[in-house]
Amino acid sequence: MLSSLIGKEVLEIRYHYKYENEWGLSNYKSFIRLTGNIIIDIPMFDDVEFRKETPENLSYYRKKFDSGKPVSDEAKTKVEGQTIADFFFCYDNNGDFHDLGSGYILLSNGYYLVERTHAPPGIAAGLWILDEKEFNERNRRFDIDVRSFLNPG
């Protein structure tokens, strides 16, 4: 469950990127190793089923992390060594989960991690590390209701 990840330290982050997949889209996915040798991705939904620790899931996340590429040095300095402070999820006007992108991970240094997992080639699919101002501007621009996992009200 997501609540068990609050306070865990980010030890390392890696990613997979493909310029064009079988559907003609670029795709990107990051994998994050936390204290306790836990490996996660950036969740899309506030789901109590998130990261069920089945042998298949654990093996999948381990293989994806181990075969991933390291992020840039700049990204490492902003992310690694920080702890997870909260998660934020996107909702549409009806209060339903907005399924067009990932949620956010808020780190202890105030940066937010978010990724675009799919995009047409030439439009950046990838990881964004946003400060508070960029986080607020992004969500105003897309007119999405973003709510904290810890303080949803």
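Given the options Lys18, Lys64, Lys133, state which has the largest fluctuation in a GNM of the chain using a 10 Å cut-off (strictly under) for Cα springs.
In this elastic network of the chain, the residue with the biggest mean-square fluctuation among Lys18, Lys64, Lys133 is Lys133.
Within the chain, what's the longest run with no chymotrypsin sites (Phe, Trp or Tyr not before Pro) in a DSSP loop and at most 11 other beta-carbon atoms within 10 Å? Give the range, please. It would help to have the intermediate numbers written out before the result.
Numbers: sites that count: Tyr19, Trp23.
The longest such stretch corresponds to 24-153.
Give me, ordered by chain and number, the residues 5 or more places off Gln82 or on other chains with an amide H under 5 Å from its own placed amide H.
Placed amide hydrogens put Val10 under 5 Å from Gln82.
Can you list residues whose amide H is under 5 Å from Tyr111's amide H, if they're 5+ apart or on another chain and H is modeled 1.01 Å from N?
none
Tell me, what HN-Hα J-couplings in whole Hz come from the Karplus equation 6.51 cos²θ - 1.76 cosθ + 1.60 at θ = phi - 60° for each residue of segment 14-22, using x for Gly and Pro?
Each residue of segment 14-22 in turn: 9, 8, 10, 9, 10, 4, 8, 9, 5 Hz.
When only the heavy atoms of the protein chains count and the probe is 1.4 Å, how do His118, His16 rank by accessible area, highest first?
Details: His118 95, His16 50 Å².
Sorted by accessible area, descending: His118, His16.
Using a Gaussian network for the chain with springs between C-alpha atoms less than 10 Å apart, which of these wobbles most: Glu137, Glu20, Glu74?
For the chain, modelled as a Gaussian network with Cα springs under 10 Å, the answer is Glu74.
If I model segment 1-87 as equal point scatterers sitting on the Cα atoms and use the Debye formula, what is log10 I(q)/I(0) at q = 0.20, 0.24 Å⁻¹?
So the normalised log intensities are -1.03, -1.32.
Name the residues whose placed amide hydrogens come within less than 5 Å of the amide hydrogen of Thr117, ignoring near sequence neighbours (fewer than 5 apart) on the same chain.
Excluding prolines and chain starts, which carry no amide H, the hits are Ser102.
What is the ratio of the Cα radius of gyration of the chain to 2.2 N^0.38 Å, where N is its residue count, to two decimals?
Scaled against compact globular proteins, the figure is 1.01.
Cross-link partners among lysines for Lys78, C-alpha distance below 27 Å, same-chain residues fewer than 8 apart left out?
Lys8, Lys18, Lys29, Lys63, Lys64, Lys69, Lys133
The values are calculated or read from the model by the stated rules, or taken from the named source; none is laboratory data. All figures in this text were calculated on a predicted structure; none of them were measured in a lab. Virtual Cβ from ideal backbone geometry, glycine too; neighbours counted across all protein chains shown. Note: areas computed on protein heavy atoms with side chains; ligands, DNA, RNA excluded. Shrake-Rupley method; radii C 1.70, N 1.55, O 1.52, S 1.80 Å.
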